[in-house]
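The structure appears below as structure tokens.
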Amino acid sequence: MPELPEVEVVRRDLDREIVGKKIKAVDVEGMRAVRRHHNRKQFTSRLVDRKFIAVERRGKYILCRLDGGDVLVVHLGMSGQLLRAKTSRDPLSKHTHVVITFTQGGQLRFVDPRTFGEMFVTELDNVDEVAELAHLGIDPLETAMSWEHFGDLLAQRHAKLKPLLMDQKFIAGIGNIYSDEILWGAGLRWDRMSDALTSEEVRRLYRSMMETLQDAVKHRGSSLADEQYVDLFGRPGEYQQFHNVYAREGLACPRCRHEIVREKVSGRSTFSCSACQV
Ligand SMILES: [Zn+2]
């Protein structure tokens, strides 16, 4: 599933590729991808003849702002991909749900085999009233935050670190991969309690979170074996080569050479070093 770094890579690609482009036509296959609307026309009519003016992000939601005050909201879900096609003659991938054609030529396509992703149009002024967007926590790539402030937020909660890092109401956009990598970077076990960390441990966790997410964006995100995450041009990310613990069960920890172990935590695999995360 794409997490914050992957969604940020797609946002940056979109910012370069679609801003300034005017929409000529929108084709929707089925209702699944646009299920918040009552019918396809309600979705397409708000897009045709509009121009993209900016691409922003709230957590894992991409906000493509349009002239006229509407915004096209995109959530990639488990397997969604936004893909740019140079011409309408490029062959359509299987599971293409939405095709946006630009007056200048070229298309933006939404492909989603598992159909948990979606697109919808709303007024920019109403974005904060969309339930999933209203309660998002801090966005570590967007919000300048000191480690002291982060420490205050941790101390206000009484939660185990991994589920807390993955709680979208606490911090937006971190999932199973990056929570494991962040905790390894900080040298902390997944089940340490958020309100029982020393200030040195808070500093390490904060620094690891920022560095891990920024490095992941720099290396264009993580694509796992299924390669479901690709960028706007269909290219997989490269950050999986830099994973230290995720999906590396049985291998040696890059820091201390002890064995990396896998545990099941609320149904999800959790990877950590058996020795240097304490
Ligand atoms: Zn280790």
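Going by alpha carbons, how many degrees (0 to 90, nearest 10) lie between the helix axis of 199-218 and the longest principal axis of the chain?
For 199-218 against the chain, the angle is about 40 degrees.
What residues qualify as long-range amide H neighbours of M166, i.e. H under 5 Å apart, gap of 5 or more or another chain, H built at 1.01 Å from N?
Distant-sequence amide H within range of M166: zero hits.
For R157 and R16, FRET efficiency with R0 = 35 Å and r from the beta-carbon atoms, rounded to 0.05? Display every interim value, and only then the final one.
Working: r = 38 Å, r/R0 = 1.08.
So the FRET efficiency works out to roughly 0.40.
From Cα pairs below 8 angstrom and at least 6 apart in sequence, can you work out the relative contact order of the stretch 1-110, rounded to a whole percent? Could the numbers behind the result be given before it?
Details: 180 pairs, mean separation 33.0, N = 110.
Once divided by the residue count of the stretch 1-110, the mean separation gives 30 percent.
Please work through the chain and write down the cysteines that have no neighbouring cysteine Cβ at a distance under 4.7 Å.
C64
How high is the relative contact order of the stretch 13-77, in percent, with contacts defined as C-alpha pairs under 8 Å that are six or more residues apart?
Once divided by the residue count of the stretch 13-77, the mean separation gives 27 percent.
Using amide H atoms built 1.01 Å from N in the peptide plane, name the residues 5+ places from G106, or on other chains, whose amide H lies under 5 Å from its own.
Excluding prolines and chain starts, which carry no amide H, the hits are S88.
What's the angle, to the nearest 10 degrees (0 to 90), between helix 176-186's Cα axis and the longest principal axis of the chain?
Approximately 40 degrees, to the nearest 10.
Kindly write out, for the stretch 116-125 in residue order, the coupling ³J(HN,Hα) from the Karplus curve 6.51 cos²θ - 1.76 cosθ + 1.60 (θ = phi - 60°), rounded to whole Hz, with x marking Gly and Pro.
Whole-Hz 3J(HN,Hα) from phi for the stretch 116-125: 7, x, 7, 9, 8, 10, 9, 6, 3, 5.
Take the alpha-carbon centre of the stretch 202-256, take the same for the stretch 59-115, and report the distance between them in whole Å.
Result: 25 Å between the Cα centres.
Amide H to amide H under 5 Å from Y229: which residues, 5+ apart in sequence or cross-chain, H placed 1.01 Å off N in plane?
Residues meeting the criterion, in which the H sits 1.01 Å from N, are L224.
Per residue Cα convex hull volume for the chain, in cubic angstrom? Can you show the working numbers first?
Details: hull volume 35.6 nm³, N = 278.
In the chain, the Cα convex hull volume per residue is 128 Å³.
Let me know the volume per residue of the alpha-carbon convex hull for the stretch 83-203, in Å³.
Looking at the stretch 83-203, the number lands at 166 Å³ per residue.
What is the extension gain from I53 to R257, computed as 0.36 nm multiplied by their sequence separation minus the C-alpha to C-alpha distance, in nm to one decimal?
Roughly 68.5 nm would be gained on extension.
When only Cα pairs under 8 Å and 6 or more residues apart are kept, what is the percent relative contact order across the stretch 226-272?
Computed over the stretch 226-272, the figure is 25 percent.
Which of the chymotrypsin sites (Phe, Trp or Tyr not before Pro) across the stretch 231-275 are loop residues per DSSP, with 14 or fewer other Cβ within 10 Å? Intermediate results must be reported in sequence, preceding the final value.
Details: sites: F233, Y239, F242, Y246, F271; in loops: F233, Y246.
Filter output for the stretch 231-275: F233.
Given the stretch 146-278, report the % of alpha carbon pairs whose separation exceeds 22 Å.
The proportion of pairs with Cα distances above 22 Å equals 36 percent.
Treat the stretch 167-244 as a sphere of radius equal to its Kirkwood radius over Cα pairs and apply Stokes-Einstein at 4 °C in a medium of 1.567 mPa s; give the translational diffusion coefficient in µm²/s, rounded to a whole number.
95 µm²/s
Each residue of the stretch 229-236 in order: what ³J(HN,Hα) in whole Hz does its phi give by Karplus 6.51 cos²θ - 1.76 cosθ + 1.60, θ = phi - 60°, with x for Gly and Pro?
7, 9, 7, 4, 9, x, 9, x
Can you run phi through the Karplus equation (6.51, -1.76, 1.60; θ = phi - 60°) for the stretch 84-92 and list ³J(HN,Hα) in whole Hz, with x for Gly and Pro?
Using θ = phi - 60°, the values come out as 8, 10, 5, 9, 6, 7, 4, x, 6 Hz.
Every number here is computed from the coordinates shown, using simple stated rules; none is lab data. Since this is a predicted model, take the numbers as computed values, not measurements. No Cβ is skipped: glycine too gets one built from the backbone with ideal geometry, and neighbour counts run over all protein chains shown.
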